[in-house]
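To start, the structure itself, in structure tokens.
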Amino acid sequence: FQGGDTCEYLLSSGRFLGEKVWQPHSCMMHKYKTSEAKNCLTDKHIVFLGDSRIRQLFYSFIKLLNPQVKEEGNKHGNIPFEDKSASIKVDFLWYPEVNGSMRQRIKSWTESSVGRPHIIVAGAATWSIKIHNGSNEALTQYKINITSIAPLLEKLAKSSDVYWVLQDPVYEDMLSDSRKMITNEKIDAYNEAAVRILNSSSRNSKARVKVFSVSKLIAQETIMKSADGLHLPESSRDTNAMILMNVYCNKIMKPIDGSCCQPQPPLTLIQKLAFCFFTLAMIGYFLISLIHRTNYRKNKPCTDLESGEEKKPATSTPHASTLELLLHSFCKLGLIMTYFYLCDRANLFMKENKFYTHSSFFIPIVYLLVLGVFYTENTKETKVLNREQTDEWKGWMQLVILIYHISGASTFLPVYMHIRVLVAAYLFQTGYGHFSYFWLKGDFGVYRVCQVLFRLNFLVVVLCIVMDRPYQFYYFVPLVTVWFMIIYVTLAVWPQIVQKKANGNCLWHFGLLLKLVGLLTCIYFLSYSQGAFEKIFSFWPLSKCFELNGNVYEWWFRWKLDRYVVFHGMLFAFIYLALQKHQMISEGKGDPLFSNRLSNVLLFLSVVSFLIYSVWASSCKNKTECNELHPSVSVVQILAFILIRNIPGYIRSVYSSFFAWFGKISLELFICQYHIWLAADTKGILVLIPGYPMFNVLVSTFIFVCVAHEISQITNDLAQIVVPKDNSTLLKRLLCIAGFFSGLLLFSAVQDQSRH
């Protein structure tokens, strides 16, 4: 840890990921769009002061504001640019040498605030080397001139942002005869003089003039592609312009994926209260543990000297053990949440941008597949989608999704479309699992609903408080929560139709199908009526849960993307359980699900549909068009997988315990990755060990998986305490939870008001 000034890293160090993606040391760089750049620089005046290299940087910079700009005009003269719509003025002033003329221009800005730029980017040296044929006298004069300019720049930097651009190296073999005297040795001497003088210009404090030395590193990698050996290729200039934009704009725009130059966000009122709560829980647990240990020592079994019998201490009361378990759980959770905060809110650990390569995605998947096969065991039961099999399914899907996220594979459309099927498969399991439970058990009690809602939402609610993020930010949990409530309401409203009732009269099956048709109609209507959907979820307090960036569009988009798959899961469960009831399928160990002929036909069709989908996904050209088709076609891929996995009896009777273990904590893995495996709210990668990417991934993954497993245990322990089976106690707990959320809404309103 070398301090929180990531601007210094951004301006001075970094490396290339691939050929064109620049990665600053320790922080993430945001790629600014034209609209964002204009919003940041509204009413600003920027000046580029220097030679032809600075002119190139000027053009790359204004192309961020207007990509249509062409590099034309007097090359050895001043070039103005103005964007009247945003009141932005950017000027290039031709000062190829550090001399009296440049000093006079800078001095005029220090003497009067009228016309003083907000941002000044200056730099020059190669002309001095060229004109004076690389003489030592020219270097001496350069030192004298920059020494006279340095105090003026320092004074100017009190009110403006001032950047001095160091000279890039040249590709000597490609230089023309008139530029042969410009050598890298000379450039290094000029750069060394500039850095030494500028850094010593502020005697009592850190220099305010920022030295832009990162351009030199970029040039070392790319100058070979230069057209003349002197000027940088366009991609390198664009990178330098983007770095400048990040240095100035990140603290204003605060982009999630732009951690460079962003100050640590201040603690909110709710975060402070959460910190106090966890601290009190730790103190409480420590005191209770101390009391129990003291009592244990006092009541330690001892031998009665008269009778020779051992006396046993009295057992602790159940209330004390419940309180201890509660405080112990919150104590562990407090420590874990501290780690979450340090990883993704404090400027303690480094963050880096993702960079996708095919090998970074596919090699780990092959490795995990081999591991999964090695941990093959026999299942306890051989039913279709038995517990071990669904845990295995969740596990390998979650691991693939994690690799997809850390490798940045969303930029590769075929992979993106296949991952969308995996997300849909999770929701398919939601429909299948909850429908099966209600249909078979007929348990529509409050206890069941509260247990499911608590297990789904506990971690996310805590993260919303600690990490200061809206509920909708963790989009998958709101998605499965809302779909669970839709399934519950569909089956619980009159008439309640369950398997036991339907067995007595076949008409009840028809009634249930009518309910499912009604559900499908509602889904279809809401998916094509954005206005109606937004009105439903814009009512307070629902809007507090489902709004993101001030509107519910993101929620509508996420819901619409997999709108039919939960219904498909419910329908599949209904058909499967009906076939099972009428003994139309064979689920014995080693037996095929259907007759040999039918099983072979279904297997063939499943494999073909798998391949057809993969070909279609690989030929996708437009993400929007493919997303439109996805809700209708994803179920084919899911059903094909279920049939391939379950029709052959020998495959159905085994499972991978490796994948199943991860499947049991899949929800925690999905949520925890946001902050302690990835970084900047999934936009980047957390770096605990800089300089060793593979070792860093191993260490951060180990911690991440352990934390997810521990949170799963904590959630299960707290669910037993917070959601008891006794109805009267449960009602009291629900009133307490309602009070907690009311207080949370109140504090949130106060917090929002103070922000505005």
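Annotations for the structure displayed:
- Scope the range 729-756; condition open to solvent by 40 Å² or more (accessible area, probe 1.4 Å), under 17 Å from Q451 (Cα atoms) and of a type in the set (A, V, I, L, M); matching residues: L731, L734, L735, I737, A738
- Complete set of residues in the range 1-17 that are open to solvent by 50 Å² or more (accessible area, probe 1.4 Å) and either assigned by the TED database to the domain that holds A680 or at pLDDT below 90 (or both): F1, Q2, D5, E8
- Subset of the range 479-500 that is among the aliphatic types (A, V, I, L, M) and outside any helix (DSSP H, G or I) - its residue that is nearest to the chain's Cα centre (by Cα): V493
- Subset of the range 78-95 [assigned to a loop (DSSP other than H, G, I, E, B) and touching a Gly at 6+ places or on another chain (Cβ under 7 Å)]: Y95
- If you check L593, L571 for being within 26 Å of L440 (Cβ to Cβ) and assigned to a loop (DSSP other than H, G, I, E, B), only one passes: L593.
- Counting residues in the range 665-685 that are in contact (Cβ under 8 Å) with a residue 40 or more places away in the chain, surrounded by fewer than 18 Cβ atoms within 10 Å (Cβ to Cβ) and over 19 Å from the mean Cα position of the chain (by Cα) gives zero.
- In the set K75, K38, only one residue is assigned by the TED database to the domain that holds L139, open to solvent by 50 Å² or more (accessible area, probe 1.4 Å) and assigned to a helix (DSSP H, G or I); that residue is K38.
- Residue within the range 430-437 that is more than 17 Å from V565 (Cα to Cα) and modelled with pLDDT of 95 or more present: yes
- Long-range neighbours under 7 Å by Cβ, at least six apart or interchain, first residue of a type in the set (D, E, K, R) within the range 160-188, second open to solvent by 60 Å² or more (accessible area, probe 1.4 Å): D161/H118; R179/K130
- Of all the listed residues (E381, E392, E388), the sole one being part of a loop (DSSP other than H, G, I, E, B), farther than 30 Å from P266 by Cβ and out of contact with any Pro (no Cβ under 7 Å at 6 or more places or on another chain) is E381.
- Of everything in the range 373-399 that is open to solvent by 90 Å² or more (accessible area, probe 1.4 Å) and among the aromatic types (F, W, Y), the residue that is farthest from A660 (Cα to Cα) is F374.
- Residue in the range 508-521 that is part of a helix (DSSP H, G or I), among the hydroxyl-bearing types (S, T, Y) and out of contact with any helix residue (DSSP H, G or I) (no Cβ under 6 Å at 6 or more places or on another chain) present: yes
- Residues in the range 252-271 that are part of a helix (DSSP H, G or I) and either open to solvent by less than 20 Å² (accessible area, probe 1.4 Å) or under 15 Å from P24 (Cβ atoms) (or both): Q271 alone.
- Across the range 104-114, not a single residue is classified as in contact (Cβ under 8 Å) with a residue 60 or more places away in the chain and open to solvent by less than 20 Å² (accessible area, probe 1.4 Å).
- Residue check: V370 meets all listed conditions (1) β-branched (V, I, T); (2) touching a residue at least 24 places away in the same chain (Cβ under 8 Å); (3) surrounded by fewer than 20 Cβ atoms within 10 Å (Cβ to Cβ) but one, namely (2).
- Matching residues in the range 426-445 - criterion: being surrounded by fewer than 22 Cβ atoms within 10 Å (Cβ to Cβ), assigned to a helix (DSSP H, G or I) and hydrophobic (A, V, I, L, M, F, W, C): W439, L440
- Put simply, of N457, N503 the only residue that is polar (S, T, N, Q), part of a helix (DSSP H, G or I) and within 18 Å of M337 (Cα to Cα) is N457.
- Scanning the range 446-460 for residues that are open to solvent by 30 Å² or more (accessible area, probe 1.4 Å) and not aromatic (F, W, Y), we see that the one that is farthest from A708 (Cα to Cα) is V446.
- Test: residue in the range 721-728 that is more than 17 Å from the chain's Cα centre (by Cα), of a type in the set (D, E, K, R) and more than 20 Å from Q451 (Cβ to Cβ): no
- Within the range 726-756, the set of residues being within 25 Å of D468 (Cα to Cα) and not in a helix (DSSP H, G or I) comprises just one member, H756.
- Enumeration of residues in the range 647-664 that are surrounded by fewer than 23 Cβ atoms within 10 Å (Cβ to Cβ) and in contact (Cβ under 8 Å) with a residue 24 or more places away in the chain: I647, P648, G649, Y650, S653, V654, S657, F658, W661, K664
The values are calculated or read from the model by the stated rules, or taken from the named source; none is laboratory data. Please read these numbers as outputs of a predicted model, since none were measured by experiment. So basically every Cβ, Gly included, is an ideal-geometry build from the backbone, and we count neighbours across all protein chains shown. Accessible surface is based on the protein model in full, side chains and every heavy atom, while ligands, DNA and RNA are left aside. Shrake-Rupley method; radii C 1.70, N 1.55, O 1.52, S 1.80 Å.
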